[in-house]
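Enquirer: Below is the structure I would like to discuss, written out as structure tokens.
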Amino acid sequence: MAAIILIYTGMISLGRWQLDEFDRFRSMRADPNFLETRLRWSPRPIGEVLYYIYGWLVNYFHKPLIIPFLGLLWAIFLAAGMLTYWQKRHRLQENQASQYLLLALCLMVLFLSGHGITEVFYWPAGAVAYLPTLAATFLLFLQITSGSLATSSGRTLAGCCLFVAAGTSECGAAFVFFYALIQGARWVSVCSRRHKTRFRRSQWWWVAPGLIAVLVLLCVRMNRLNVIEFPEMQASPVRGHPLTSLVVGMIEMVVELAGKDTLLRLSANHSVSQLFPELLSSRLPMEILLATGVALCWSRLPRVRKEVASRIREVIGALLLASLCTIAEASLHFGFVCCDRHECLRECWMVMCIAGLAISSSARITPERFRQRAKYSFLGPLILCVAVLPLLHPQLLFRTYRDYASVRRSREENFQAGFQADARQMVFSVVPSTGVIVEEPIKPGTYTLLPGKNVEFTIGNYPYIILEFFGKQNIVVKPCQLP
């Protein structure tokens, strides 16, 4: 599993820009209030500041800096997965501490396979928001499964995770909001049983991030949600209808749990004989195997205490509510479910939920049954491998590495031609989507930027936005030549 993660990490240098980078970084040079405007539109106090620093460095050095920027975000993601094992390696026996490492590696492999990952892992504008959100929720989940919330240092680290999630993306803010609500209900329940009403300072680890999440969501409601971003979808029966959007969200979550591709094939094929093979190719077998493998691996550890199991169920509830909220909000605002990066993040959260349910299950079974489960714990790692391998799509990985040198050389030539100061014309090669990293298409041809033309942020103006970013007048867009 570590080798698989390294294979995906090795593709960081193939990370790509798309329309957002060219448009925002050109606007950054002309608008001194760019960051303030962005924070009103996309209130991410951590994500937008990091992205602004990245854009400033790009404009200053005249280099794309994709590798160091994505490398930093990936380092945060990998560190989030390894930290809990690093903490436990000297406190538990070797065969027990290794379960935290195995769980982290297995989940990271599932995060990287079985769905589109370009916009979360290899696109700077998406990665700066959603990769830290995933890392923060992932680390919080691992810390809770290890029982770290029982200590002051564990609650402090959990508070940092919640702060990062609330400050990097609206999806993360939704998760923190629901998690804070659940913690608030828990606190009220404890106070009512113990007849105490004094608020202890130890609760600020979830209160402060919860307040930040509320501010972020209020800013989104007051600004972006009041703007019609897709006028062609105004007639959508979902747009502007909260109840209908909520129903759509529930249906979409079921669809994503089973796998969209599988359900589309089932709807197109009415043959009963094809039902079983299609279900086998869906995500459901992986999810069943994941739950079984995690439960067996976790039987090598002591039974999960009821307090820890309750904490795990709380974070699962917040992840599911946040997933439902992102789907319903997109349907309410856009009129359709958007976008690939949201879907990728939701599927990663669902994988964590399944693993969390398997871990917490040991708190509900008798000691005798738990000892019986422990007898088969040696099968856990094997079952996890069986769960992971069918989702890897080695042919896509092979194509990506086969075209590695050509794609990287083509992108370097694009930026060299663009930043060349003594030329008014440039050649821009578009890489076809043949591997893991999906490209945004640009229609080949020759484009000229007329003086005084107002270039709006639309996909049809992609070549003209590239021209404005590089300060060129003519661009020749052509397909990249792959071996």
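The values are calculated or read from the model by the stated rules, or taken from the named source; none is laboratory data. Note that the structure is predicted; figures quoted are calculated from it, not measured. Cβ: placed from backbone, ideal geometry, glycine included. Neighbour counts: every protein chain shown.
Enquirer: Just to be sure I understand, how many residues within region 90-117 are among the β-branched types (V, I, T) and either over 19 Å from W74 (Cα atoms) or within 10 Å of the chain's Cα centre (by Cα) (or both)?
Expert: Residues in region 90-117 being among the β-branched types (V, I, T) and either over 19 Å from W74 (Cα atoms) or within 10 Å of the chain's Cα centre (by Cα) (or both): 1 in total.
Enquirer: If you don't mind, there's one more thing I want to ask. Quick one: what pairs do we get from region 203-218, first residue under 14 Å from L157 (Cβ atoms), second of a type in the set (D, E, K, R) and part of a helix (DSSP H, G or I), C-beta under 6 Å, 6+ apart or different chains?
Expert: These pairs meet every condition: W205/R155.
Enquirer: Which one of these does A180 not meet: (1) touching a residue at least 24 places away in the same chain (Cβ under 8 Å); (2) among the aliphatic types (A, V, I, L, M); (3) in contact with a Lys or Arg (Cβ under 9 Å, 6 or more places away or on another chain)?
Expert: Failed condition: (3).
Enquirer: Might you let me know whether region 431-448 holds any residue that is part of a helix (DSSP H, G or I) and without any contact (Cβ under 8 Å) to a residue 60 or more places away in the chain?
Expert: So far as region 431-448 goes, no, none of its residues is part of a helix (DSSP H, G or I) and without any contact (Cβ under 8 Å) to a residue 60 or more places away in the chain.
Enquirer: Which ones in region 115-135 are closer than 26 Å to V386 by Cα, out of contact with any Phe, Trp or Tyr (no Cβ under 6 Å at 6 or more places or on another chain) and either buried (at least 20 other Cβ atoms within 10 Å of the Cβ) or among the β-branched types (V, I, T) (or both)?
Expert: H115, I117, T118, F121, L134 - these are the residues of region 115-135 that are closer than 26 Å to V386 by Cα, out of contact with any Phe, Trp or Tyr (no Cβ under 6 Å at 6 or more places or on another chain) and either buried (at least 20 other Cβ atoms within 10 Å of the Cβ) or among the β-branched types (V, I, T) (or both).
Enquirer: Okay, next question. Within region 289-306, take every residue that is in contact with a Pro (Cβ under 8 Å, 6 or more places away or on another chain) and at pLDDT 90 or above and give me the one that is farthest from R91 (Cα to Cα).
Expert: So the residue we want is G293.
Enquirer: May I pose another question? Right, S406: buried (at least 17 other Cβ atoms within 10 Å of the Cβ) and among the small types (G, A, S) or not?
Expert: So S406 fails the test.
Enquirer: Is it the case, given these coordinates, that C191 is at pLDDT below 95, crowded, with 16+ Cβ neighbours inside 10 Å, assigned by TED's automatic domain parsing to the domain that holds M350 and assigned to a helix (DSSP H, G or I)?
Expert: no
Enquirer: Of the residues that make up region 219-229, is at least one farther than 19 Å from L391 by Cα, crowded, with 17+ Cβ neighbours inside 10 Å, modelled with pLDDT of 85 or more and within 21 Å of the chain's Cα centre (by Cα)? Please lay out each step first, then the result.
Expert: At the first step, the residues of region 219-229 found to be farther than 19 Å from L391 by Cα are 219-229.
With crowded, with 17+ Cβ neighbours inside 10 Å added as a condition, the list becomes 219-220.
Still in the running and modelled with pLDDT of 85 or more: 219-220.
From what is left, the residues that are within 21 Å of the chain's Cα centre (by Cα) are 220.
Yes, region 219-229 contains at least one residue that is farther than 19 Å from L391 by Cα, crowded, with 17+ Cβ neighbours inside 10 Å, modelled with pLDDT of 85 or more and within 21 Å of the chain's Cα centre (by Cα).
Enquirer: Of everything in region 144-167, what is crowded, with 24+ Cβ neighbours inside 10 Å and of a type in the set (S, T, N, Q)? Give them in sequence order.
Expert: Once the filter is applied, which keeps residues that are crowded, with 24+ Cβ neighbours inside 10 Å and of a type in the set (S, T, N, Q), region 144-167 yields only T145.
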